[in-house]
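The values are calculated or read from the model by the stated rules, or taken from the named source; none is laboratory data. Everything numeric in this text was worked out from a predicted model, so none of it was measured. Every residue, glycine as well, gets a Cβ built from its backbone with ideal geometry; the counts of neighbours run over all protein chains shown. Note: accessible area is taken over every heavy atom of the protein model, side chains too, but ligands, DNA and RNA are not part of it. Shrake-Rupley method; radii C 1.70, N 1.55, O 1.52, S 1.80 Å.
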Amino acid sequence: MKPKVDKDACIACGLCPSICPECFDMQDDGKAGAIVDEVPEGCVDQAKEAEESCPVNAIEIEE
Ligand code: F3S
């Protein structure tokens with residue numbers, strides 16, 4: 001699974017790195033970004049939770 005952040009949609013609420021810091025961080029552009037190409041096995045649930053929790057649906061976890 002690949003985590004992706006739509007930077008145009010992200011409002012920098014900071015939720016995704018707090019839910020799944022293995023996959024997301026806040027980057028120099030002030031927006032969140034994916035820091036891995038593949039969601040590590042141990043945090044699949046957190047990555048999906050981040051996807052569901054983003055208030056502007058900027059996160060997509062591609063199967
Ligand atoms: Fe941005 Fe959504 Fe994360 S608004 S900081 S991508 S939870």
Subject >> For Glu63: the one exception among (1) open to solvent by 70 Å² or more (accessible area, probe 1.4 Å); (2) more than 10 Å from the ligand (Cβ to nearest atom); (3) at pLDDT 95 or above >> reply: (3)
**OP:** Filter region 6-38 for residues that are surrounded by fewer than 21 Cβ atoms within 10 Å (Cβ to Cβ), in a strand (DSSP E or B) and near the ligand (Cβ under 9 Å from one of its atoms) and give the result.
**Re:** Met26, Gly33
Original post:
For Ala47, all conditions in the list (1) more than 11 Å from the chain's Cα centre (by Cα); (2) not in a loop (DSSP other than H, G, I, E, B) hold save one; what is the number of the exception?
Top reply: (1)
